[in-house]
């Protein structure tokens, strides 16, 4: 097996692992939210990740102590930590109003906002492929929520509006965090940046959290909370690792299937454990919209290659035949 093939397999496996973990996450969070408030859940997720990420960095002697000595670097990463912390709480809060499948679709606004932010603040180019992908993504979201627009969905209009506004905030804060992290990657590795964010965010949420609530949990609830905690560490670790074997565009294209996985997992969960999971009832237009959201995300990530002049010329020649 060649090195290139081996790297492709590793990159695909790691990216799929991330997509699966993020696809399952909202389903587990909805269950835990019935027993614990969003601040405490977020604190547990951050402190869990801070301890384990710190352990691995300590063993490799890569704890980034210099962050605390450089005021400019500390300030930027402090702001990034605030944005990611807000993203976690806002995402969780949206689940009080909308089901996991809807949350999975709405959070697809985050990479789109990151793209716009990169164009505005980092002066990156906005290609034809990304433009087409953005239009497809927005069209898919409109189709996915067609039942809400016609008042035929299983979400109350007011709940949908609240959930949408909160998730818009979650997407915006994640995009802001990602842009800052992108600028800081020239100074520190992604694992070092994430460790700092985990540590700060766990301290930030400690005063408003109630860790003792976990004492009321039964075994299943504890396992679900542990999964939510481990999910943060595993998903971000496999995501960062996948970038070592695959281009970011390919990784992003694989992660675009995350909302479809959430829909699939919710349906499977309701079939086997109806007392724990309740899948959202979607019509045909909503399913078409879901696939368009995924297709738009893939086009946004790989549009430069898919819609290149070479491919467009080959397509025109094929059509003429």
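Arrange 273, 246, 65, 195 by Cβ neighbour counts within 10 Å, fewest through most, would you? Show your work: numbers first, answer last.
Details: 273 10, 246 20, 65 6, 195 26.
Ordered from fewest to most neighbouring Cβ atoms within 10 Å, 273, 246, 65, 195 come out as 65, 273, 246, 195.
Would you calculate, for the chain, the mean residue ellipticity at 222 nm contributed by helices, counting each DSSP H stretch of 4 or more residues as -39,500 (n - 2.57) and dividing by all residues, to the nearest 500?
Value at 222 nm, helices only: -26000 deg cm²/dmol.
Among 117, 72, 140, whose mean-square fluctuation peaks in a Gaussian network model of the chain (Cα, cutoff 10 Å)?
72
For the range 160-253, just say rounded, prolate or oblate: build the C-alpha gyration tensor, square-root its eigenvalues into a ≥ b ≥ c, call rounded for a/c under 1.5, and beyond that prolate if a/b exceeds b/c, oblate if not. Don't skip to the end; give the middle numbers.
Numbers: a/c = 1.68, a/b = 1.48, b/c = 1.14.
Cα axes put the range 160-253 in the prolate bin.
With each label point set 7 Å from Cα along the Cα-Cβ vector, what nm distance links residue 128 and residue 278?
It is 4.8 nm.
Hey, rough spin-label estimate for residue 219 and residue 56, points 7 angstrom out along Cα→Cβ, what's it come to in nanometres?
Going from the residue 219 label point to the residue 56 one covers 2.9 nm.
Which of these, 108, 147, 62, has the largest mean-square fluctuation under a Gaussian network model of the chain (Cα springs below 10 Å)?
Of 108, 147, 62, the Gaussian network model singles out 62 as fluctuating most.
With contacts defined as alpha carbon pairs under 8 Å and 6 or more residues apart, what's the relative contact order of the chain in percent?
Worked out over the chain, it gives 40 percent.
With an 8 Å Cα cut-off and a minimum separation of 6 or more residues, compute the relative contact order for the range 109-254 in percent. Don't skip to the end; give the middle numbers.
Values: 38 pairs, mean separation 39.8, N = 146.
Result for the range 109-254 is 27 percent.
Give the calculated FRET efficiency between residue 33 and residue 285 to the nearest 0.05, with a Förster radius of 30 Å applied to their Cβ-Cβ distance.
Working: r = 29 Å, r/R0 = 0.96.
Once the sixth-power term is evaluated, E becomes 0.55.
Stretch residue 70-residue 267 to full length: gain in nm at 0.36 nm per residue minus the Cα-Cα span? Don't skip to the answer; put the middle values down first.
Details: separation 197, 0.36 × 197 = 70.92 nm, distance 4.92 nm.
Answer, rounded to one decimal: 66.0 nm.
Select from 145, 121, 78 the residue whose mean-square fluctuation is largest in a Gaussian network model of the chain (Cα-Cα springs shorter than 10 Å).
The residue with the greatest mean-square fluctuation here is 121.
So between residue 139 and residue 161, what do we pick up on full extension, going 0.36 nm a residue minus the alpha carbon distance? Please report the intermediate quantities before stating the final value.
On the way: separation 22, 0.36 × 22 = 7.92 nm, distance 1.83 nm.
Length gained, residue 139 through residue 161: 6.1 nm.
Separation between the residue 3 and residue 230 pseudo-spin-labels, each 7 Å from Cα along Cα→Cβ, expressed in nm?
3.4 nm
Computed from the coordinates by the stated procedures, all read-outs in this text should not be read as laboratory data. The structure presented is a predicted model; accordingly, all values stated were derived computationally and were not measured. With ideal geometry, Cβ positions are generated from the backbone for all residues, glycine too; neighbour counts draw on all protein chains shown.
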